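The values are calculated or read from the model by the stated rules, or taken from the named source; none is laboratory data. Remember, it's a predicted structure, so these values are computed and weren't measured experimentally. Don't worry about glycine lacking a Cβ; one is built from the backbone with ideal geometry, like all the others, and counts go over all protein chains shown. We work out accessible area using only protein heavy atoms, side chains counted, and drop any ligands, DNA or RNA first. Shrake-Rupley method; radii C 1.70, N 1.55, O 1.52, S 1.80 Å.
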Amino acid sequence: MLTTSELGEEGTGGGFPVPWVMSSRGYGLFLNNVDPTTRFDLGETVRDRLTIDAGDGGRESWNFDLYVVAGDSYAELLRGYLRLTGQPILAEKWFFGNIQSKCCDWLADDVIYIASRFHAMQLPLDAMILDLQWREIRPDMWEWTPAFDHSVSHDKKNNLQWAPAFGDAAKMFDVLDRQGVKVGLHENTKSTYSNDAAGPGPYLDQAFPDVSDPRVVAKMWEMHRPLIAQGADFWWHDQGERIGQDGVNGYPMRNLNGSLWAKFIVDGMRREFGRSVPVLARSGPAGGHRYISPWPGDVPAGIKFATLDLDYLRNGGLAGYATIGADMGGFYRGATPDPHNEVRRICDMLLVFPVIRTHGAYYKLPWMFSGAAQGSYARYLQLRYRLLPYFYSAAIEAHETGRPILAPLCFDYGDDEKTYTRDYDFLLGRDLLVAPITEEANQREVYLPAGAWRDFWSDEVHRGGQLVTIAAPLVSTRSLPMLVKEGAILPMTAPAQTIPSERFDHYTFHLYPAAGETTQRTFQDRAQAMEESHVMEATQADDATRTTLVVEQRAPRNTPNTRKDGTGTDADARIDTLYFHGVAKPTSVTVNGRVLPEQKMGAVEAGWSFGKSDFPLQQETTVLKVQLSALAADASGRFECVVTK
């Protein structure tokens with residue numbers, strides 16, 4: 001098992017060879033071996049037989065270090081694996097927002113213009129990445145640009161210095177900082193570090209420093225620190241798999257390099273800047289999830305390659321890499337414009353990918369999309385930002401337990417054999433089922449596991465244990481099949497231009513009552529110690545006479561007791577609105593014992609209304625809307641809403 005340059009068109013490559021498998025029979029196997037010759041043969045040579053061929057690299061005693069993990073569920077098996085390899089890194093909130101990038105020609109003024117254009121169009125944007133052009137390398141070095149000259153070497157390895165031609169970096173940082181937009185910087189093994197006295201050697205292949213040497217990483221950190229102090233928020237590591245030699249640690253670096261390269265940056269940013277940001281990287285070993293957010297390298301454009309992205313995300317999540325993404329829409333240019341690629345591999349995936357990063361060798365800015373895609377992009381990006389409390393809570397659960405943000409159906413429904421063949425039906429968090437369209441089609445068969453499921457866009461209810469056909473027209477507000485599990489409580493917030501660094505202050509809850517009781521835990525933020533985190537716990541109970549929602553908030557220690565207006569503690573978020581789906585018109589609604597009046601849909605005063613929803617993209621649904629206003633919490637941060645049938 002070895003890292004490769006990028007994921008192949010047939011899905012046979014990939015830069016994260018993790019020797020870890022889970023069985024439906026209640027066990028997992030982890031081979032602690034980084035030798036590139038190690039091989040897992042899952043029935044390819046002999047059907048129904050797992051064969052492990054462990055390489056030793058000419059060394060003794062470490063070639064077959066095999067761990068057997070037992071558990072009653074895939075969740076238990078994955079937790080066992082993480083006890084061996086470490087917890088996945090929890091990225092800062094903004095990392096789950098919109099990230100824009102392009103190879104390889106944005107200069108300082110271009111970055112300012114693009115960020116400002118997003119702002120003017122009221123399209124959320126949280127980060128921009130500068131590809132290699134920010135360093136001392138000419139933007140015309142690549143063959144897909146007309147000015148490319150094969151006779152001239154453009155590699156200028158200048159040890160992370162700004163290219164004079166890039167423009168005014170200080171001005172760029174200042175403008176983007178005022179807009180709340182983060183900046184990421186690219187580096188690679190091929191064209192970043194010089195192999196002379198100015199570089200951080202000793203070196204391995206391609207004159208890349210040996211990051212297994214503590215002296216080397218100390219020098220490399222000194223090169224990164226001033227750029228972070230200047231305003232760089234995160235790093236993008238390219239071509240980390242191109243190291244074929246052994247490091248000073250005595251181990252082959254082919255698989256280890258990506259993780260060790262990211263580790264000193266993540267550790268340094270946490271230690272000296274109080275930041276928790278993974279490195280974007282396309283290579284790493286088992287355990288690299290402590291430092292890395294993976295992407296599969298330069299994959300082709302076109303709808304036929306959508307399954308390649310999804311295979312990568314599914315397998316990465318099951319190996320601990322929960323914070324994972326891909327070049328949305330593909331890296332290499334395909335047909336332009338291509339509505340199917342734009343809608344299915346960019347717009348729809350805004351509600352599927354854990355990390356949403358648009359990147360490529362051609363322009364994929366939303367105002368350059370076809371007409372069919374421009375509206376879809378704005379609608380789904382806004383909805384992604386509304387759902388960020390749900391995404392972020394799923395990310396915290398991934399950090400705590402290893403549960404993938406995007407998981408195959410069998411992860412939760414392993415007793416249902418039919419879930420094992422549904423490769424592209426996914427659980428997003430615990431309560432959403434998403435089924436991306438992976439071909440030129442306007443509908444999709446989706447398998448629904450046990451329970452009842454409501455169409456997110458229409459509230460149509462489907463019983464579990466069956467295949468259903470979901471309409472998903474390319475040009476529509478419902479191009480992505482998405483269903484909600486009955487019993488779910490979906491926390492949402494108001495869309496914003498950028499994601500707040502501290503906590504979400506205002507919430508809307510969408511409730512899908514089911515008989516019995518269900519609970520949703522929503523994190524407003526995540527401190528290093530759980531007792532320092534802001535947490536909301538919402539519990540709904542439904543019976544023949546009433547539906548009850550109780551929300552309790554846990555604030556950090558030493559938080560002032562109450563707000564000046566008496567509506568909870570200063571740490572409490574306000575829950576402004578509740579939407580109850582799939583319910584009949586009630587006879588009464590009370591909040592903390594106060595009877596609310598009935599009113600028209602859309603009213604802003606405290607009260608309730610019943611009818612066609614006013615929530616964006618759900619106007620087909622009939623809902624009970626409870627407007628809370630300042631009634632969201634009592635002095636303890638707790639409130640209770642009772643809907644009498």
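In the chain, the DSSP-assigned H stretches of four residues or longer account for a calculated mean residue ellipticity at 222 nm of -6000 deg cm²/dmol, using -39500 (n - 2.57) per stretch and the full residue count as denominator. Think of the chain as a dipole: +1 on every Lys or Arg Cβ, -1 on every Asp or Glu Cβ, centred on the Cα centre; then among Ser101, Val111, Pro209, Val111 lies furthest on the positive end. Relative to the Cα centre, the charge distribution of segment 222-267, modelled as +1 at Lys and Arg Cβ and -1 at Asp and Glu Cβ, gives a dipole magnitude of about 80 debye.
Cβ screening of the chain for cysteine pairs under 4.7 Å finds these without a partner: Cys347, Cys410, Cys641.
Taking the Cα centre of the chain as origin and charging only Cβ (+1 Lys, Arg; -1 Asp, Glu), how large is the dipole, in debye to the nearest 20? All intermediate terms of the calculation are to be shown ahead of the outcome.
Values: 64 positive and 82 negative charges, 237 e Å.
Dipole of the chain, to the nearest 20 debye: 1140 debye.
Roughly what % of DSSP beta bridges within the chain run antiparallel, to the nearest 5?
On the way: 79 of 109 bridges.
The antiparallel fraction comes to roughly 70 percent.
Summarising the label geometry, the points placed 7 Å from Cα in the beta-carbon direction at Glu460 and Leu84 lie 4.5 nm from one another.
Using heavy-atom solvent-accessible surface (probe 1.4 Å) with all chains present, what is the largest-first order of Tyr507, Tyr424? All intermediate terms of the calculation are to be shown ahead of the outcome.
Working: Tyr507 0, Tyr424 55 Å².
Highest to lowest solvent-accessible surface, that is Tyr424, Tyr507.
Relative to the dominant Cα principal axis of the chain, helix 388-401 is inclined by about 60°.
In the chain, a dipole from Cβ-located charges (positive for Lys and Arg, negative for Asp and Glu) runs towards its positive end, and of Phe391, Ile499, Phe305 it is Ile499 whose Cα lies farthest in that direction. Counting only alpha carbon atoms, the long axis of helix 214-230 and the longest principal axis of the chain meet at about 50°.
Computed on protein heavy atoms with a 1.4 Å probe, the accessible areas place Phe610, Phe580 in the order Phe610, Phe580, largest first.
Would you please give the FRET efficiency between Ala471 and Ala70, computed as 1/(1 + (r/R0)^6) with r the Cβ-Cβ distance and R0 = 35 Å, to the nearest 0.05? The formula returns an efficiency of 0.20 here.
Computed from the C-beta positions of Ile52 and Ser194, the FRET efficiency with R₀ = 45 Å rounds to 0.60. In summary, the lysines within cross-link reach of Lys418, defined as a Cα separation below 23 angstrom excluding same-chain residues under 8 places away, comprise Lys485. Annotation: amide H-H contacts under 5 Å for Met128 (H modelled 1.01 Å from N, sequence separation of 5 or more, or interchain): Gln100, Lys182, Val183, Gly184. Helix 371-386 and the longest principal axis of the C-alpha atoms of the chain enclose an angle of approximately 70°. Which of Val475, Pro586, Ala378 sits closest to the plus end of the dipole of the chain, meaning its Cα is farthest towards the positive end, when Lys and Arg get +1 and Asp and Glu get -1 on the C-beta? Ranked along the dipole, the leading option is Pro586.
Separation of the alpha carbons by more than 30 angstrom is noted, of Lys102/Lys190; Lys182/Lys219; Lys102/Lys612, for Lys102/Lys612. Shown here is the pair-distance distribution of the chain: with all Cα-Cα distances grouped in 20 Å bins from zero up to the longest one, the shares run 18, 52, 27, 3, 0 percent.
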